[in-house]
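Structure record follows, encoded as C-alpha cells.
The values are calculated or read from the model by the stated rules, or taken from the named source; none is laboratory data. Keep in mind the model is a prediction, meaning the values are calculated, not measured. Reconstructed Cβ throughout: ideal geometry from the backbone, glycine too, with neighbour counts over all protein chains shown.
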Amino acid sequence: MTGKKRTTGRANSNGEMGLRDALVVEGRKVFEEEGAKEISLRALARRLGVSETAPFKHFSGKDELLAAIASSGFRELRDKRKRIMAREKDALARSRAMMHSYIQYAMSHEGLFNLMIGPRLAEFRNGEFGTAGLESFNMFSNAIQSLAVEHGWPKESLELLAHTAWGLEHGIAALLLAGVVPHKESSLNVDELVRFAIELLLRAIEAGPPEA
C-alpha cells in the first residue's frame with residue numbers, strides 16, 4: 001500500500017501510532033457523530049488506510065471495540081477525578097466536585113455515557129472496560145468515605161454511603177438525559193436542582209450517623 005496512513009491516537013513506546021489506539025480514537029469519532037449502528041471495523045480500516053482485516057487482530061467484533069471506546073470514557077472521567085483530588089484538599093469540597101463532575105460528564109457525552117453504563121457491554125466488565133470503570137469509581141468512593149470517616153461514620157457504613165452517593169449522582173444524570181427531570185410543568189432550574197440534591201446528601205453525611 002502506498003497511501004499515507006493516518007496517525008490518530010496514542011503513540012507506542014517507539015513513538016509510532018498503534019493501530020488499536022487509532023481504531024479506538026477513530027471509532028469514538030464515528031460513534032459520537034453517528035452512533036453505534038454506523039460503526040464497522042472494516043469501514044474504520046478504510047478510514048485509517050489499512051487492510052480491512054487488520055482491525056480483527058485487535059478486536060473480535062464491534063462490541064469489543066465499543067468496550068474499548070467506553071473504557072476511554074471512564075479513563076477521561078478518572079483523569080478528571082485525579083485533578084479534583086490534586087486540587088481539593090478538603091473532603092467536603094472534594095466529594096462535591098466529584099459528584100458534579102460525574103453529572104457534567106454525562107451531560108456533555110450523552111451517547112458515550114449511556115454506552116459506559118448501559119447493559120450492552122456487560123460481558124466485558126471483567127476486562128479493560130471493567131478496570132477503567134473501577135478506577136474511576138474508586139476515586140469517587142474514597143472521597144465519600146473520607147468525608148464520612150471525618151464525621152464519625154462506622155467502617156461498616158462506608159461502602160453503603162459511597163454506593164448511595166453514586167446512586168444519587170447517577171440517578172440525576174440518567175433522569176436529566178432522559179428529559180424527564182424537571183417535569184415540563186416545573187420552573188425548577190436544572191443547575192439548582194443538581195446543587196440542592198448533592199448538598200442534601202453531603203450535609204447528611206456531615207451530620208454523622210443517626211443515633212441507634
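Of the residues 120, 125, 94, which is over 30 Å from residue 209 (Cβ atoms), among the basic types (Lys, Arg) and in contact (Cβ under 8 Å) with a residue 24 or more places away in the chain?
Values: 125 fails: in contact (Cβ under 8 Å) with a residue 24 or more places away in the chain; 94 fails: over 30 Å from residue 209 (Cβ atoms).
Selected residue: 120, the only one of 120, 125, 94 that is over 30 Å from residue 209 (Cβ atoms), among the basic types (Lys, Arg) and in contact (Cβ under 8 Å) with a residue 24 or more places away in the chain.
Cβ-Cβ below 7 Å, separation at least six or inter-chain, first residue in segment 146-165 and over 10 Å from residue 208 (Cα atoms), second part of a loop (DSSP other than H, G, I, E, B): which pairs?
Going by the 7 Å Cβ cut-off, the qualifying pairs are 157/209; 161/153.
What pairs come out if I take residues in segment 70-89 that are assigned by TED's automatic domain parsing to the domain that holds residue 143 and farther than 21 Å from residue 26 by Cα and pair them with residues that are among the acidic types (Asp, Glu) and surrounded by 19 or more Cβ atoms within 10 Å (Cβ to Cβ) whose C-beta lies under 8 Å away, six or more apart or interchain?
none
Just name the residue that is surrounded by the most Cβ atoms within 10 Å (Cβ to Cβ) out of those in segment 183-204 that are under 22 Å from residue 161 (Cβ atoms) and of a type in the set (Val, Ile, Thr).
The selected residue is 198.
Mind listing whichever residues of segment 118-167 are over 19 Å from residue 103 (Cα atoms) and polar (S, T, N, Q)?
126, 131, 145, 146, 157, listed by residue number.
Looking at segment 50-64, is at least one residue touching a helix residue (DSSP H, G or I) at 6+ places or on another chain (Cβ under 8 Å), part of a helix (DSSP H, G or I), within 30 Å of residue 169 (Cα to Cα) and among the aromatic types (Phe, Trp, Tyr)?
No, there is no match, as no residue in segment 50-64 is touching a helix residue (DSSP H, G or I) at 6+ places or on another chain (Cβ under 8 Å), part of a helix (DSSP H, G or I), within 30 Å of residue 169 (Cα to Cα) and among the aromatic types (Phe, Trp, Tyr).
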